Amino acid sequence: MSVNAREEQYEHVKLFGKPALFTDSRIDRSTVPTGFYCYDLRGSDRDPGKPVALENQVVVNHAGTVLATEPVTIPKEGFRRLRGKLNFLGECLTISEFCEEHGLELKVDNGKLNLRPASSDKAGLFFALSKEQDAKLATIGHLRIDFGSNGHEFWHTWWPRDYEKFHGSAFESELKRVVDALREDGPLENLPTMSLYCTSHGGEIEGGWRQNYGYIVETEHYRYCLRCNPGPGDYQAYLTVFDLRQQELNMKNEAATQNLGLTEAGKQKLKNAADPTLSHSYAWFVYQDYNVAGEKLTRGLTLQEAIHLFNEMDSGNKRLGVTKDDIATVDIVITLNGEQKFSKDYTQLASFSSDPVIALAVETLRNEITEQTPEQGMKMGGM
């Protein structure tokens with residue numbers, strides 16, 4: 001669960017010699033005040049809680065989040081090693097107290113988005129992806145935009161991916177809010193505004209027959225990647241949306257190991273999780289009100305505890321799943337917008353597909369949840 005940046009209590013630190021704020025929680029990027037830059041810290045496979053590198057976003061081995069008042073240069077490989085340059089000063093502060101101590105102005109954002117230029121290593125997110133990449137990155141869809149023949153109109157078409165059907169009115173409302181904000185105070189007002197914005201905010205990315213620019217904004221649950229093409233005679237923008245929480249679940253599994261830069265020890269841990277001859281640990285979890293306000297995660301459950309909690313929940317958006325050996329995670333039962341289904345993802349992941357404990361657990365779930373909630377008309381098909 002991500003926290004509100006303005007309400008969090010931080011530890012005062014120095015990051016690469018500059019004052020900054022640290023929390024071990026994830027931060028909802030949409031709540032970061034103007035003038036602050038948000039980065040994630042990665043821990044090592046040996047000690048996931050000890051920060052060793054700084055990145056724009058960390059999925060596996062998240063070891064904390066920092067807010068800095070100056071941007072940090074991150075090399076092309078996508079991370080910057082700390083090398084002892086994160087120093088704790090023994091003081092706890094809120095953002096407002098930090099600003100007061102350092103003589104900074106805490107700006108009132110009035111709901112403005114924290115739109116940041118993309119780094120060169122993220123260029124691939126802004127162009128059409130293969131079906132396999134869409135599934136891996138949990139792509140919901142993209143909005144295609146052009147400003148018309150005079151550069152001051154606003155025509156748009158939504159192109160959904162298969163995953164889009166699992167998102168309802170809450171996502172639609174947020175998408176509208178994001179687009180409205182980008183039109184009111186961003187590059188989507190009109191073509192002249194986009195041209196000026198791109199020349200003054202950076203974000204150059206490779207691809208396209210003219211220079212394109214990429215910008216990223218993140219909310220608690222979604223990442224929006226805006227590609228700007230500031231010139232006449234073509235579509236001027238594509239806004240691609242990814243589900244961060246589903247992406248996190250996907251990337252915790254084997255399919256993402258090559259891109260996550262896991263050490264050999266981390267890769268061996270995943271390999272061991274798929275070995276049916278070894279003993280394993282299983283921690284079940286349940287999400288209540290998934291992807292809506294007030295989302296709650298309960299984890300560290302036994303299977304029977306998870307079944308009981310799931311059945312007792314009065315929520316049209318909930319998920320039940322399991323984490324194996326603290327490294328591989330998968331959803332088993334998913335209810336979205338009141339429609340309940342069993343996911344077949346576990347049959348396609350090496351850590352779970354040949355596991356007799358998981359097979360027995362799925363059978364138990366089918367029997368016990370179906371018997372106790374027949375009025376929901378559960379569908380047994382895959383996702």
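The values are calculated or read from the model by the stated rules, or taken from the named source; none is laboratory data. Only a predicted model underlies this, so the values are computations on that prediction, with no experimental measurement involved. All Cβ positions, even for glycine, are placed from backbone atoms using ideal geometry, and neighbour counts span all protein chains on display. All accessible areas refer to the heavy atoms of the entire protein, side chains included, with ligands and DNA or RNA removed. Shrake-Rupley method; radii C 1.70, N 1.55, O 1.52, S 1.80 Å.
Within the range 340-355, if we keep just the residues that are of a type in the set (D, E, K, R) and touching a residue at least 40 places away in the same chain (Cβ under 8 Å), the residue that is nearest to K318 (Cα to Cα) turns out to be K341. The number of residues in the range 1-18 that are under 22 Å from G84 (Cα atoms) and buried (at least 17 other Cβ atoms within 10 Å of the Cβ) comes to 5. Per the listing P75, P33, P48, P71, the residue uniquely surrounded by 16 or more Cβ atoms within 10 Å (Cβ to Cβ), in a loop (DSSP other than H, G, I, E, B) and free of Cβ contacts under 8 Å to residues at least 60 places away in the same chain is P48.
Scanning the range 334-382 for residues that are at pLDDT 80 or above, within 27 Å of the chain's Cα centre (by Cα) and among the polar types (S, T, N, Q) returns T335, Q340, S343, T347, S351, S353. Filtered by the rule that a residue be under 19 Å from Y224 (Cβ atoms) and open to solvent by 30 Å² or more (accessible area, probe 1.4 Å), the range 19-30 gives R26, S30.
Among the residues of the range 134-148, the one identified as outside any strand (DSSP E or B), touching a residue at least 24 places away in the same chain (Cβ under 8 Å) and more than 22 Å from the chain's Cα centre (by Cα) is F147. Inspect the range 225-248 for any residue being at pLDDT below 90, in contact with a strand residue (DSSP E or B) (Cβ under 7 Å, 6 or more places away or on another chain) and under 30 Å from K269 (Cβ atoms) and give the result as yes or no. Yes, the range 225-248 contains a residue that is at pLDDT below 90, in contact with a strand residue (DSSP E or B) (Cβ under 7 Å, 6 or more places away or on another chain) and under 30 Å from K269 (Cβ atoms). In the range 297-316, the residue that is least open to solvent (accessible area, probe 1.4 Å) out of those that are in contact (Cβ under 8 Å) with a residue 60 or more places away in the chain and either among the basic types (K, R) or outside any strand (DSSP E or B) (or both) is I307. Take A170 and tell me if it is of a type in the set (G, A, S), open to solvent by 40 Å² or more (accessible area, probe 1.4 Å), touching a residue at least 40 places away in the same chain (Cβ under 8 Å) and not in a loop (DSSP other than H, G, I, E, B). So A170 fits the description; yes.
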